[in-house]
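K.L.:
Below: one structure in structure tokens.
The values are calculated or read from the model by the stated rules, or taken from the named source; none is laboratory data. Predicted, not measured: the structure shown is a model, and the values here were computed from it. Glycine gets a Cβ as well: all are built from the backbone with ideal geometry, and neighbour counts include every protein chain shown.
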Amino acid sequence: MRQLFLPRYSIGTDAYSAIPEIVEPYGKKVALIYGEKAFEASKNKLLAALQGFDIVASEMYGKEASYTNINRLLAVEKLKECDALIGIGGGKALDVTKVIGDKLGLPVFTVATIASTCAAVTKISILHEDNGAFKEIYKLKRAPEHCFIDTEVIVNAPSKYFWAGMGDTMAKHVECVFSAKNDVLDFESEYGRTISRLCYEPILEKGVKAYEDVKKHQWSLEVEEVIKSILIATGSVSLSVSPDYNSAVAHALYYGLTVREWMERKHLHGEIVSYGTLVQLLVDNNMKGLREVYDFNKAVGLPVCLKDLDLTKDDPLDDVLDATVVNQELDHVPFAITKEMLRGAILKLEDYQ
């Protein structure tokens, strides 16, 4: 049997007002799992929307999407008394919440307070070691039931998350098309590949303006459209396509780069992935795409060279490339990806203008 559950969401400055209608059918006992800054930014509106609910537990997720934090939360007995979990924050907080819901058999609702990844709607959680190094992709039994997106909260968040989110989102289209190359796709994967255009074209067209507006903490139609690309279009691709087509070189290189323990402390997920997108386009000899993404990255300040990630041309990157070529994101690609191929593309990118 094939089933497809696409993201359900409410978006706008009054998005949280939909919580009673949407969450209450699951029960009135809820638990909150949140990022500290995310909860602070959203709590006034959120707690007003949750009047009438019994908040049986309220827990900060920690600082990393790790099993240490997951197991700590699983030990909170009050979580087992609730009817639903509400995750509040960015990707790591939501990924932890989704795993807790999966293990406890509870429905999960997400409150996206930044537009940086599609974690708010996807059926996977990206887990890391306590030091930030990639550990594994945890596959969930089901996606979140609904995502609440308050645009006022997102435009008032630090603009760097929106900036990085654009880089991560554009990669979804580039990777999906690349990994599906030469394959005969079933309906769901073709549907997802087609949707992936909405991860790429709106950002090329509207991303520079949207980022300028977000830096001024100002709503605009361009901002809202890019938010939907980051959170909803990317998540729709992830939920639709075969897992074979969800990622490729850009994310494999990201995971490889996280073996440098300082990488994720100094750089955001989508920021690093956007560099990997350029490397992938060079590996694929897709010069049209390279020109488009390179020019966009330059326009908004996303990475275009090793220096932008605090690396140097003289760094052999053997540890990074060793981890990249064995990453599961390269299990299904149109041709074998080798260390030499990646190193060659990285060095070519250093001279590209």
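K.L.:
So which residues in segment 159-202 are surrounded by 21 or more Cβ atoms within 10 Å (Cβ to Cβ), under 19 Å from residue 214 (Cα atoms) and hydroxyl-bearing (Ser, Thr, Tyr)?
P.N.:
If the condition is that a residue be surrounded by 21 or more Cβ atoms within 10 Å (Cβ to Cβ), under 19 Å from residue 214 (Cα atoms) and hydroxyl-bearing (Ser, Thr, Tyr), then 161, 169, 200 are the ones that fit.
K.L.:
Looking at residue 129 and the list (1) at pLDDT 95 or above; (2) surrounded by fewer than 24 Cβ atoms within 10 Å (Cβ to Cβ), which single condition is not satisfied?
P.N.:
Result: residue 129 passes all but (1).
K.L.:
Looking at the structure I just gave you, is residue 112 in the same structural domain as residue 26 (by TED's automatic domain parsing), touching a Lys or Arg at 6+ places or on another chain (Cβ under 6 Å), closer than 21 Å to residue 37 by Cβ and crowded, with 24+ Cβ neighbours inside 10 Å? Give the steps one after another, and end with the answer.
P.N.:
Working: in the same structural domain as residue 26 (by TED's automatic domain parsing): yes; touching a Lys or Arg at 6+ places or on another chain (Cβ under 6 Å): no; closer than 21 Å to residue 37 by Cβ: yes; crowded, with 24+ Cβ neighbours inside 10 Å: yes.
Criteria not met by residue 112.
K.L.:
Answer yes or no: is there a residue in segment 249-272 that is crowded, with 24+ Cβ neighbours inside 10 Å, of a type in the set (Phe, Trp, Tyr) and assigned to a helix (DSSP H, G or I).
P.N.:
Within segment 249-272, one or more residues are crowded, with 24+ Cβ neighbours inside 10 Å, of a type in the set (Phe, Trp, Tyr) and assigned to a helix (DSSP H, G or I).
K.L.:
Mind telling me which of the residues 44, 71 ends up being over 28 Å from residue 152 (Cα atoms), more than 21 Å from the chain's Cα centre (by Cα) and of a type in the set (S, T, N, Q)?
P.N.:
71
K.L.:
Counting only residues that are touching a Cys at 6+ places or on another chain (Cβ under 8 Å) and at pLDDT 95 or above, give me the helices (runs of 4 or more DSSP H) lying completely in segment 147-218 with at least 1 of them.
P.N.:
159-179, 187-195
K.L.:
Take the residues of segment 297-353 that are touching an Asp or Glu at 6+ places or on another chain (Cβ under 7 Å) and closer than 18 Å to residue 269 by Cα: which is surrounded by the most Cβ atoms within 10 Å (Cβ to Cβ)?
P.N.:
Only one residue fits best here, namely 302.
K.L.:
Here's something else I'd like to know. In segment 74-102, how many residues are buried (at least 16 other Cβ atoms within 10 Å of the Cβ) and either under 22 Å from residue 161 (Cβ atoms) or of a type in the set (D, E, K, R) (or both)?
P.N.:
So the count comes out to 16.
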